[in-house]
Amino acid sequence: MGIKIRSKMKIKKKRIKMKTKSQTTTLVLSVLLFCVTASHAAEQTKQKPNVLFIAVDDMNDWTDTLKGNPQAKTPHMEALAAKGITFTNAHCAAPACGPSRSAIMSGILPSTSGNYVNKSSLIHNPILNESVLLPEFFQQNGYQVVGGGKLFHGYHFNHEVRGRGFDEYFPSKTQDLPSFEGLKFTSKLPLGGWGPPADWGPCHPDVTVDDHPDGITANWASEKLLGGKLEEPFFLGAGIFQPHLPNYAPQEYFDRFPLEEIKLPEGFREDDLDDVPAAHAKMAHNPWLKRIRQTGQWKPAIQAYLACTAMVDDLIGQIVEALEESPYADNTIIVLWSDHGFQLGEKGRWGKYSLWERATRVNLMWVVPDVTTPGTTSERPVNLLDIYPTLASLTGCEPPKGQMEGKDLTTLMKNPEAEWDKTSLTVFGYKNYGLRSERYRYITYADGTEELYDHKSDRWEWQNLADNPEYAEVKQEMRKELPTHHEPNGVTYVPPKPNWGQKKTKAKK
Ligand SMILES: [Ca+2]
């Protein structure tokens, strides 16, 4: 609303200016026109929109906007949705941090690059290494490029990309995540034996969100925006790490979700895997749910995911509010995305790494001054791969030739119901594909086995229709959308074990 009022005022001011000019002498008019033309050209260059790029890790559709779980509380994302457009049928290019983010940052499909899993190297992959990565793209187009927190996959950023394309990075160009050292705990963490990367729990009551690595990233982003020292046009990326495991958050967020009120996922069914080909387990084995159930930790783990999501929502609210209070509010595009979904028990899984809806569906929201209409949604199938070409289009910067495999979403921003014959593709590993149309999900694995779900009647993908002859034509149509090129697995990079500050997470004395 505010954005609209402000742009109307701008137009009115311009009109008054024109009227004054028409009343001057011819000579003065010519001089003025020359000045106006020159200043207009300068203004056009200056007026390239800024980009606020907010990334969230492992956030599935348990949000108010995507309605994947009524227990979720995300009022700030809901407020953001009211300002722009939410894509409700958006999916990742890959259901893992590394390949998903490599695809976002390059605009290249995993099946084209061979960057399929977290261990796939980025810089030792010639296709990706020779591509213009998104920060580099903005740098080359005269933007000031700053970033903080998790934007690339951690290994890629800290050990490979090392700040490439960024003028400035927080905390540094070799460390994307702020320190976990401010986190202390009173109680023993539930899966202590597994180590922090797979754990969860509330922090010591003295710990506030400002001590949390994500709070630190959000404070950095807010200070950047409010400090007034960014050079326009700028690209500011803020990467929030939660609700990625370990799900640590201040106690107040756990208090918002009393354990006795926690419900198990609506999409869970004990016999759900009975009609699913075995290939899914080969693609990525995941034993966590079994362990979580055995130790009676299912509801506490769900509570922790909801708590961390609520914290992230607060931080999104903080960053967006900082933008709105900044001098850049009227000329900044906001794009918010999560890198893939997460299963909290559905289909026997705790984690991502699958081609089902729970792992592929993501949050994708945009606020684009003078382009998006407040409070709109689009159900057309879109992909995170579309972010790069869309940003190029919205900023008027020419995208690198032959690199973009996603689509420009501007058409849907202007008309959310515009004709859109595209499907959305998720790739995980060599020749494993999940394809989402407006109605169906089709999955095909490297061994040729298949799944097909009708979302019109089966939102939890309980009934595999792949063997039902009535759907032969649907399958045939979906298959036409699959990639024709299947790049072999790229170079593997085995990074050093991350330091989670494990010793620092012991009980506070
Ligand atoms: Ca992730």
Which of the residues spanning segment 118-176 are within 16 Å of the ligand (Cβ to nearest atom) and on the phi > 0 side of the Ramachandran plot? G149
Members of segment 122-151 that are more than 14 Å from L236 (Cα to Cα) and outside any helix (DSSP H, G or I): L122, I123, H124, N125, E130, S131, V132, L133, N141
Considering only segment 344-355, state which residues are more than 16 Å from the ligand (Cβ to nearest atom) and buried (at least 24 other Cβ atoms within 10 Å of the Cβ). E346
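Looking only at segment 315-343, which residues are part of a helix (DSSP H, G or I) and either within 16 Å of the ligand (Cβ to nearest atom) or buried (at least 20 other Cβ atoms within 10 Å of the Cβ) (or both)?
Those that are part of a helix (DSSP H, G or I) and either within 16 Å of the ligand (Cβ to nearest atom) or buried (at least 20 other Cβ atoms within 10 Å of the Cβ) (or both): L315, I316, I319, V320, A322, L323.
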Unique match (being touching a strand residue (DSSP E or B) at 6+ places or on another chain (Cβ under 7 Å) and under 26 Å from N432 (Cβ atoms)) among I319, I292: I292
Exception for D206 within (1) modelled with pLDDT of 90 or more; (2) of a type outside the set (F, W, Y); (3) in contact with a strand residue (DSSP E or B) (Cβ under 9 Å, 6 or more places away or on another chain) falls at (3)
Restricting the search to segment 68-82, which residues are buried (at least 21 other Cβ atoms within 10 Å of the Cβ) and either free of Cβ contacts under 8 Å to residues at least 24 places away in the same chain or in a helix (DSSP H, G or I) (or both)? M77, L80, A81
The condition from (1) under 21 Å from L66 (Cα atoms); (2) surrounded by fewer than 22 Cβ atoms within 10 Å (Cβ to Cβ) that I387 misses is numbered (2)
Residue pairs, Cβ under 6 Å, 6 or more apart or interchain, first in segment 429-444 and touching a residue at least 40 places away in the same chain (Cβ under 8 Å) and under 18 Å from K282 (Cα atoms), second crowded, with 19+ Cβ neighbours inside 10 Å and among the aromatic types (F, W, Y). List them. G429/Y116; N432/Y445
Count of segment 209-244 residues which are charged (D, E, K, R) and farther than 26 Å from F180 by Cβ: 3
Of all residues in segment 461-509, count the ones that are at pLDDT 70 or above and among the basic types (K, R). 3
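The values are calculated or read from the model by the stated rules, or taken from the named source; none is laboratory data. Computed from a predicted model, the values in this text were never measured in an experiment. For neighbour counting, all protein chains shown are included, and Cβ atoms are generated from backbone atoms with ideal geometry for every residue, glycine included.
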